[in-house]
1. Hey, what number do you get for the chain at 222 nm if only DSSP H runs of n ≥ 4 count, each worth -39500 (n - 2.57), divided across all residues, to the nearest 500?
2. So how much slack lies between Val212 and Ser119, counting 0.36 nm per residue of separation and subtracting their Cα-Cα distance, in nm?
3. Would you mind counting up the charge near Glu262? Only other residues with Cβ under 12 Å from its Cβ, with Lys and Arg at +1 and Asp and Glu at -1.
4. Going by accessible area, probe 1.4 Å, with all protein chains left in place, what is the ranking of Asp98, Asp270, largest first?
5. Compute a Gaussian network model of the chain, connecting alpha carbons closer than 10 Å, and tell me which residue from His147, His15, His289 fluctuates the most.
6. Take Val70 and Ala55, extend 7 Å from each Cα along the Cα→Cβ direction, and tell me the distance between the two endpoints in nm.
7. With only alpha-carbon pairs counted, each pair once and no self-pairs, how large is the Kirkwood hydrodynamic radius of segment 133-250 in angstroms?
8. Could you calculate the contour length gain from Thr62 to Ala233, that is, 0.36 nm times the residue separation minus the distance between their Cα atoms, to one decimal place in nm?
Amino acid sequence: MTVDNTTVLVVGAGHAGAEAATAIRQAGHVGRIVLVGEENSLPYHRPPLSKAYLAGTATAETLLLKAPAVYEKADIEILSGIRVESIDRATKTATLSDGTQIVYSKLVLATGSRPRPLSAAGLNADVKPSNLFYLRTLNDVQGMREHFVAGARLLIIGAGYIGLEVAAVAIKSGLQVSMLETQSRVLARVAAPAISSFFEKLHRDAGVEIRVDAQIENIQLDKNGNIQSVNLADDSEIAVDLIIAGVGVIPNCELASNACLEVDNGIVVDEFMCTSDPDILAIGDCSNHPNPIYARRIRLESVPNALEQARVAAAVICGKPQPYASIPWFWSDQYETKLQMTGLSQGYDRTVTRGSPEDKSFAVFYLQNDVVISADCLNRPQEFMLAKKLVALRRAVDPAQLADENLPLKSLLESLSA
C-alpha cells in the first residue's frame, strides 16, 4: 500500500472547493485531504438559491453538490462551521477558528466572494435591518422566505441577473415587486441593449415596476430599526416590507492578503492556478487568472469557471499540470425563459442579432473586428453550443451571414473551420 504523509488543505466549501477536494483524490493523491467550510452544511449548489430554493420547489438536501457517501468513499475530511483564521507560509500551517492547526503540503484557497453591502444615507453600517437581505447562502434565503408572502412589498436594488431572477420568483409568489437600477437599463454592465430591452419588457409585463437611472437619496427606518421606505433623488418614495440588495460582490482575499500573497481584484494566479507561493493555489470567484482567449487577466464569478479551475488545480497538485484555457459561460433562468451566455463581451464594437426578440427566441453576438467574442442565446440551446465553438475559433465572420437564419449556424461554423 502506498503511504503518503502529505496533506492538501482546501479552504472554502463552495463549488470550487468541493470539486477540488474530490478531483485531487481522483487525480491520484493518496495523502490526507481536508475541506474546511464556514457554513454548517455540506457543499451545495448556489444558482438555485435565487430560483428553485427561494420558490420552495427545492430543498437543502436536493441542493447538495455530492452525496455524503462520495466524500466518505474519497476519504475527504470535511470540517463544517469552521473558518481558517490565518496562514503561516513559513511553517505551512493554517490556524482554524477552533484553535486547531493543520500543517499542509499544498493549500487551495477557494474562499469565494461575499455580497457588497448596501450603502445609503439612513443606514448604520454596523447594524443590518432585519428586513434587508443579501442572497448568497442557504441561511440568507431561509431568512427572506419568511417575508415572501402574497401582497408583501419587495424592493430589489440592482437589476443584474440575480435581481431579475428573484423578481421572477417573487412575482409568481404574489409579491408586489419594485426594482431600482442606477444605470439607464437593466443588465447594462453585461448585456447589449437588445437583451436589456427584452428582459425589461418581460418583467414589466409580469408586473414588476422597474425604475432605471434611479438614485437613492436616503432610507427611512421605523422605530424597530427596520426599513419602512426608500426616498429617491427624484423626490419619490417607495414603501417597502423587505429589500433585497444585489449591488455586486467582493472577493474574499483577506487570508491571502494577510499571508502576503499577491492580490489585485482577486488572488493573483498563473495559468496553473498557482499564487505567488508555489504551494498555495487559488480557484473560483476569489482568483484572478490570465485568460489566453482574451489576452488579459480576469476574475470570473461563475460555476463553470469554479469547476474548471478546481480540476486544473487538482491536476497541478498531482503532478499532471494542464493550463486553464476555458471559454467562460453563464446562464440565467427567468420565468419560462432560459438565457445562456458564452464569452465576455467587454470591448465589442458591434452586435449581430439572429432571430427576433418578439418570438422570445433569439441570439445576440458580440463582435470585435468581425470576430465573435461573446454571445447571448435566449431559448436557443443548440445555437448556444455552436456559439461556444465560434467564440473559441477566433475567426472573422461575415456579419450578414451570421444574422441570416436561412444559413444554419453549424454550416457557418464549418465553413470558418475549413
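The values are calculated or read from the model by the stated rules, or taken from the named source; none is laboratory data. Since the model is a prediction, treat every value here as computed from it, not as a measurement. Because the Cβ atoms are built from the backbone with ideal geometry, glycine has one as well, and the counts that use them run over all protein chains shown. Please note that ligands, DNA and RNA were not included when accessible areas were found on the heavy atoms of the full protein model with its side chains. Shrake-Rupley method; radii C 1.70, N 1.55, O 1.52, S 1.80 Å.
1. On the way: 11 runs with 103 residues, N = 418.
Rounded to the nearest 500, the figure is -7000 deg cm²/dmol.
2. Between Val212 and Ser119, full extension yields an extra 31.7 nm.
3. Details: positive: Arg297; negative: Asp264, Asp270, Asp277.
Result for the local shell: -2.
4. On the way: Asp98 90, Asp270 50 Å².
The residues order as Asp98, Asp270, largest area first.
5. Answer for the Gaussian network model of the chain: His147.
6. 2.3 nm
7. By the Kirkwood definition, the hydrodynamic radius is 14.6 Å.
8. Numbers: separation 171, 0.36 × 171 = 61.56 nm, distance 4.34 nm.
That works out to 57.2 nm of additional length.
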